[in-house]
Amino acid sequence: MFLFQTLELLRMVDTKAIGKRWEEMETDVLVKIFKELNMIQLTPVSLVCRSWRLACSDPFIWNTLDLGLLESNFIQTRALPFIWVDERSDRRLTRILRMAMALSCGNITTMIFHFNLYMKDEHLNYISERSPHVRRLVMPAWNRITRVGLVQAIRRWEDLESLTMPSIGHPSYIMEEISRSCKNFSHLKVMGTFDVHFASCIAMHLPKLKVLSLRCSIVTKEALLFILNCMVNLEVLNISHCLLLESLVSGRRQIRSELDQTIFQKASHMRDFLYCQSSSCIACRRMIEDEGLMRWYRYEAWFWRQDEVSSLDLGEYGRLFDKNCVDRLLSSDINF
Amino acid sequence: MGKTIKLISGDGEMFEVEEAVAFQSNIIKSLADEDNADDCIPLPRVDSQILSKVLEFCRKHANSPSVHTKFAAIPSELCPKHDGSAAGASSSESSSAHSETCRACYDAVMKLVQWDLEFVKVDLDLIHHLLKAANYLDIEDLMFMAVEGAANAIRGNNPEEIRKLFDLENDFTPEEEKEILKEYSWLDDPFEP
């Protein structure tokens with residue numbers, strides 16, 4: 001047994017075993033080292049030599065681009081699109097995206113943006129062209145994106161499986177395009193309000209949807225029942241900390257603080273029905289304080305990133321875009 | 001002193017260490033698990049100088065919580081104070097409740113991290129060997145620290161500086177280099193640390 005082992009190990013001996021040259025370092029070790037660097041630190045690394053340049057774009061480093069620390073410099077306005085973003089902010093975003101696209105060589109499969117990152121069509125266009133294999137997109141701010149821009153991007157992202165989006169007034173065009181272009185689409189998270197119109201768009205265009213999270217949104221009881229009745233393929237539904245609005249006979253609406261038996265009965269066919277309507281839960285209390293439209297900016301930075309559904313939860317920020325990057329970019333703005 | 005393992009380096013030197021120390025390496029652990037009358041494991045790819053450094057690291061880490069371990073998972077046996085009564089936790093949840101609030105555990109891990117950082121604050125040559133050894137022997141904590149050591153050496157340097165440090169040759173053609181630099185025009189000064 002011992003002899004066999006020795007022979008096996010000897011067979012693995014590299015003739016240059018005690019060599020000092022970093023050129024011989026295995027790619028998977030190099031990739032582990034580079035994963036500790038942010039994208040600004042990675043840039044010079046990709047200029048060192050061919051093997052290092054290749055290692056810099058490895059999917060292990062780039063599978064997730066989390067720009068959750070990047071926000072636009074903006075003010076709210078009274079006219080459409082209700083947001084004004086300063087030019088330097090836009091240029092800063094452009095620089096970061098150019099850097100990321102160049103270094104990642106199309107290996108990004110998950111992209112995460114902050115709810116106060118207001119990108120324009122040109123940014124969306126740029127990333128959808130250079131990262132065509134995105135499978136998961138978290139982009140909660142659509143104020144400055146046009147329908148055309150969004151549709152064009154979705155068309156390029158044929159592999160899209162999961163989307164986190166803000167609540168929008170007329171979602172059918174988006175659902176239509178997803179159903180047309182994204183054959184593997186299965187996870188949707190909506191942040192904001194969810195009414196029966198939204199529910200019917202989803203039911204009509206995304207009948208194969210498996211996972212839906214509406215956590216911390218205002219959901220009408222009609223919409224909830226519509227989903228439960230029509231979405232037979234839905235395996236996971238998350239309505240944790242949602243404010244449930246019920247229409248009364250008088251035409252007024254009131255908040256239901258409890259789910260009734262019919263809802264539980266209809267939800268029983270699903271694998272996971274996640275709910276939380278509790279006066280002792282912090283998230284629920286915040287929803288009530290904010291009257292249903294959660295003011296995420298008031299709370300902890302990680303709070304909006306959470307989801308009880310693990311495939312929709314966002315976790316830690318990752319190294320690619322860290323506080324260092326934010327500071328460095330802000331300080332170099334002055335040179336502009 | 002518990003059961004010991006004998007390790008033989010590539011240049012024929014024998015090291016006898018406790019199991020707990022040697023078993024930091026998943027490879028050594030799996031080799032030793034097999035029925036081995038001699039209890040002697042050859043490591044032809046690691047020479048004695050490196051192996052002794054690796055074992056120094058493993059000795060330090062043998063009875064400490066891993067730097068990776070979230071504090072909640074540190075079992076109370078590893079606590080320096082060996083005091084499992086933090087916050088009056090019941091015995092069934094003693095493990096997690098213990099270390100989340102235990103100052104001694106937190107301090108111990110922080111001290112270990114400090115030691116590790118000093119350990120890898122050495123020349124890149126040693127880091128290079130440690131990386132290869134940690135990869136070959138599958139020692140998670142050593143890999144983690146050696147990776148951090150290498151990353152530290154890279155941060156803040158421009159390509160030429162990195163090449164000098166790591167003794168690497170620029171194998172791009174001048175045309176290739178020009179093309180790449182064009183792509184990277186987003187930074188006002190791409191090589192500013």
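The values are calculated or read from the model by the stated rules, or taken from the named source; none is laboratory data. Predicted model, so just to flag it, every value in this text is computed and none were measured. Glycine also receives a Cβ, built like all others from the backbone with ideal geometry; neighbour counts cover every protein chain displayed.
A:Ala283 passes all but one of (1) surrounded by 11 or more Cβ atoms within 10 Å (Cβ to Cβ); (2) of a type outside the set (Lys, Arg); (3) more than 29 Å from the chain's Cα centre (by Cα); which number fails?
In the conditions (1) surrounded by 11 or more Cβ atoms within 10 Å (Cβ to Cβ); (2) of a type outside the set (Lys, Arg); (3) more than 29 Å from the chain's Cα centre (by Cα), A:Ala283 misses (3) alone.
Residue check, A:Val219 against (1) crowded, with 17+ Cβ neighbours inside 10 Å; (2) assigned to a helix (DSSP H, G or I), all met but one. Which one?
The number of the failed condition is (2).
Of all residues in the stretch A:43-52, count the ones that are assigned to a helix (DSSP H, G or I) and farther than 20 Å from A:Leu97 by Cβ.
3
Give all pairs with beta carbons closer than 7 Å in which a residue from the stretch A:171-185 that is over 10 Å from A:Leu160 (Cα atoms) meets a residue that is assigned to a loop (DSSP other than H, G, I, E, B); count only pairs at least 6 apart in sequence or on separate chains.
Short answer, once both residue conditions are applied: A:Met175/A:Leu206; A:Ser179/A:Leu206.
Of all the helices (runs of 4 or more DSSP H) wholly in the stretch A:228-336, which have at least 3 residues that are of a type outside the set (Lys, Arg) and under 24 Å from A:Arg136 (Cβ atoms)? Write out each step before concluding.
Values: elements: A:261-267, A:282-289, A:323-332.
Once the helices (runs of 4 or more DSSP H) in the stretch A:228-336 are filtered for at least 3 residues that are of a type outside the set (Lys, Arg) and under 24 Å from A:Arg136 (Cβ atoms), nothing remains.
Among the strands (runs of 3 or more DSSP E) contained in the stretch B:4-55, which hold 1 or more residues that are more than 10 Å from every other protein chain (Cβ to nearest Cβ)?
By residue number, B:4-9, B:14-18.
Would you check which residues across the stretch A:307-329 are in contact (Cβ under 8 Å) with a residue 12 or more places away in the chain and either small (Gly, Ala, Ser) or closer than 26 Å to A:Ser240 by Cα (or both) and list them?
A:Asp307, A:Glu308, A:Val309, A:Ser311, A:Leu312, A:Leu314, A:Tyr317, A:Gly318, listed by residue number.
Name the one entry in A:Tyr173, A:Tyr126 that is within 14 Å of another protein chain (Cβ to nearest Cβ) and modelled with pLDDT of 95 or more. Before you say what the answer is, go through the steps one by one.
Numbers: A:Tyr173 fails: within 14 Å of another protein chain (Cβ to nearest Cβ).
Result: A:Tyr126 is the single residue among A:Tyr173, A:Tyr126 that is within 14 Å of another protein chain (Cβ to nearest Cβ) and modelled with pLDDT of 95 or more.
Can you tell me which residue within the stretch B:66-75, out of those that are more than 14 Å from every other protein chain (Cβ to nearest Cβ) and either over 13 Å from the mean Cα position of the chain (by Cα) or exposed (fewer than 14 other Cβ atoms within 10 Å of the Cβ) (or both), is modelled with the highest pLDDT?
Taking the candidates together, the pick is B:Pro75.
Looking only at residues in the stretch B:97-147 that are among the polar types (S, T, N, Q) and buried (at least 18 other Cβ atoms within 10 Å of the Cβ), which one is modelled with the lowest pLDDT?
B:Ser99
Is it true that A:Tyr297 is at negative phi, under 22 Å from the mean Cα position of the chain (by Cα), touching a residue at least 24 places away in the same chain (Cβ under 8 Å) and surrounded by 18 or more Cβ atoms within 10 Å (Cβ to Cβ)?
no
Could you list all residues from the stretch A:237-254 that are closer than 30 Å to A:Lys208 by Cα and more than 29 Å from the chain's Cα centre (by Cα)?
So in the stretch A:237-254, the residues closer than 30 Å to A:Lys208 by Cα come out as A:237-247.
Answer for the stretch A:237-254, where residues must be closer than 30 Å to A:Lys208 by Cα and more than 29 Å from the chain's Cα centre (by Cα): A:Glu246, A:Ser247.
For the condition surrounded by fewer than 19 Cβ atoms within 10 Å (Cβ to Cβ) and in contact (Cβ under 8 Å) with a residue 12 or more places away in the chain, what is the one hit in A:Leu259, A:Leu237, A:Leu243?
Testing whether each residue is surrounded by fewer than 19 Cβ atoms within 10 Å (Cβ to Cβ) and in contact (Cβ under 8 Å) with a residue 12 or more places away in the chain leaves just A:Leu259.
For the stretch A:136-215, which fully contained helices (runs of 4 or more DSSP H) count at least 2 residues that are surrounded by fewer than 21 Cβ atoms within 10 Å (Cβ to Cβ) and in contact with a His (Cβ under 7 Å, 6 or more places away or on another chain)? Even if it seems obvious, please write down each step before you answer.
Numbers: elements: A:147-156, A:172-181, A:196-205.
Filter on the stretch A:136-215 gives A:172-181.
Please go through (1) of a type in the set (Val, Ile, Thr); (2) farther than 21 Å from A:Trp296 by Cβ; (3) crowded, with 21+ Cβ neighbours inside 10 Å for A:Ile112 and return the number of the only condition it doesn't satisfy.
(2)
Give the stretch A:70-101 a look and list any residue that's assigned to a loop (DSSP other than H, G, I, E, B) and either surrounded by fewer than 16 Cβ atoms within 10 Å (Cβ to Cβ) or within 14 Å of chain B (Cβ to nearest Cβ) (or both), or say none.
As a first pass, look at the stretch A:70-101 and keep what is assigned to a loop (DSSP other than H, G, I, E, B): A:70-73, A:77-82, A:86.
Residues satisfying the conditions are A:Thr77, A:Arg78, A:Ala79, A:Leu80, A:Pro81, A:Phe82, A:Asp86.
So how many residues does the stretch A:44-74 have that are under 17 Å from A:Leu93 (Cβ atoms) and touching a helix residue (DSSP H, G or I) at 6+ places or on another chain (Cβ under 8 Å)? It would help to see each step written out before you state the result.
First pass over the stretch A:44-74, keeping only residues under 17 Å from A:Leu93 (Cβ atoms): A:65-74.
Restricting the remaining residues to those that are touching a helix residue (DSSP H, G or I) at 6+ places or on another chain (Cβ under 8 Å) gives A:65, A:67-70, A:72-74.
Residues meeting the conditions: 8.
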